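To keep things clear, I will list the structure first and then write my remarks on it.
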Amino acid sequence: MITAATPGIAPIRTFEADSLPVRVYASQADLSQDVARIAQAYLKDTLATRGSAAAILATGNSQIKFLEELIRLGGVDWSKITLFHMDEYLGISANHKASFRRYMRERVESRVKPRAFHYLEGDALLPIEECERYTKLLQAQPIDLCCLGVGENGHIAFNDPPVANFADKRSVNIVSLDEKCRLQLGEGHFVGMDAVPQYALTLTIPMLCSAKKMLCIAPEKRKAQAVKDALQGPISTACPASILRRQAHCTMFVDTDSTSLL
């Protein structure tokens, strides 16, 4: 159940897609404020109950307003929270402008000073061992919260349609990136297709779904087809985000732009 909505801000429509609650907002700004308040309240409750928390965060342009709003709200003792991110391009440095480590370091870690922020080292010399290292870090404590998005090809993290596996036994994988995913050019951070890595490290779908609570944030017109496929198409790896319809502990937050094809 979703509680602690931001005063004065409410979805203009709510419905369920199978087991998945969906909240539709008039604008991305309204969406970001409300989901940030919900995330804040949940983290505060978890800290009050257990004294610590662990969360997985997503990158991408669609997450920026949410993260900014969550940080702006304050009220969360980040020194008691361990953070993870969900994917990284293989072979790029932590200072590359497309690096998700850089995104999180600049937008989150440097501003909130968490207990720890564990990063996937995309330029690790031994990527298989890096997957094993990160798996151990993830398994060291329960994951309380997973905040994720939906890619234009329906992926969650870098689980693109050709490689997505709803029953994966692993927590972290090395995956080949779908051409449609690569054509996004890292949301403007690569100069051309040839510069976009062909492989990435990613948390698997079962790992993401193992979090106690999931908040899926999917605004913007460019996500409209993916949102339609996720909510109204078959539950299939052809649209990996469709698996969220089987996750009753997840809520999807969308706006009028991303639901324009429903």
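Side notes on the structure shown:
- Residues satisfying the stated conditions in region 31-75, i.e. open to solvent by less than 20 Å² (accessible area, probe 1.4 Å) and not in a helix (DSSP H, G or I): Ala53, Ala54, Ala55, Ile56, Leu57, Ala58, Gly60
- Apart from one condition, Met252 fits all of (1) of a type outside the set (Asp, Glu); (2) over 20 Å from Ser19 (Cα atoms); (3) open to solvent by less than 10 Å² (accessible area, probe 1.4 Å); (4) at pLDDT 95 or above; the exception is (2).
- Conditions (1) open to solvent by 10 Å² or more (accessible area, probe 1.4 Å); (2) within 19 Å of the chain's Cα centre (by Cα); number of the one not met by Gly151: (1)
Residues checked against (1) open to solvent by 30 Å² or more (accessible area, probe 1.4 Å); (2) under 23 Å from Arg50 (Cα atoms); (3) not in a loop (DSSP other than H, G, I, E, B):
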position	(1), (2), (3)
Ile92	no, no, no
Asn95	yes, no, no
Arg101	no, no, yes
Glu106	yes, no, yes
Gly122	no, no, no
Glu132	yes, no, yes
Thr135	no, yes, yes
Pro142	yes, yes, no
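- Test result for Phe84, outside any helix (DSSP H, G or I), in contact with a strand residue (DSSP E or B) (Cβ under 9 Å, 6 or more places away or on another chain), surrounded by fewer than 21 Cβ atoms within 10 Å (Cβ to Cβ) and not aliphatic (A, V, I, L, M): no
- Residue that is surrounded by the most Cβ atoms within 10 Å (Cβ to Cβ), among those in region 205-232 that are touching a Ser or Thr at 6+ places or on another chain (Cβ under 6 Å) and in a loop (DSSP other than H, G, I, E, B): Pro219
- Residue check, Thr46 within 16 Å of Cys216 (Cβ to Cβ) and of a type in the set (Ser, Thr, Tyr): no
- Among the candidates Leu177, Leu126, the residue that is over 28 Å from Thr46 (Cα atoms), hydrophobic (A, V, I, L, M, F, W, C) and open to solvent by 30 Å² or more (accessible area, probe 1.4 Å) is uniquely Leu126.
- Any hit, region 85-96, residues being modelled with pLDDT of 95 or more, under 16 Å from the mean Cα position of the chain (by Cα) and hydroxyl-bearing (Ser, Thr, Tyr): no
- Within region 89-113, residues that are at positive phi and charged (D, E, K, R) sit with their Cβ atoms under 7 Å from residues that are assigned to a helix (DSSP H, G or I) and open to solvent by 60 Å² or more (accessible area, probe 1.4 Å), at 6+ positions apart or across chains, in these pairs: Lys113/Ser79.
- Against the numbered list (1) at pLDDT 95 or above; (2) among the aliphatic types (A, V, I, L, M); (3) touching a Cys at 6+ places or on another chain (Cβ under 9 Å); (4) open to solvent by less than 20 Å² (accessible area, probe 1.4 Å), Val196 comes up short only at (1).
The values are calculated or read from the model by the stated rules, or taken from the named source; none is laboratory data. From a predicted model like this one, the values you see are computed outputs, not experimental measurements. With ideal geometry, Cβ positions are generated from the backbone for all residues, glycine too; neighbour counts draw on all protein chains shown. To get the accessible areas, we keep the full protein, side chains included, count just its heavy atoms, and leave off ligands, DNA and RNA. Shrake-Rupley method; radii C 1.70, N 1.55, O 1.52, S 1.80 Å.
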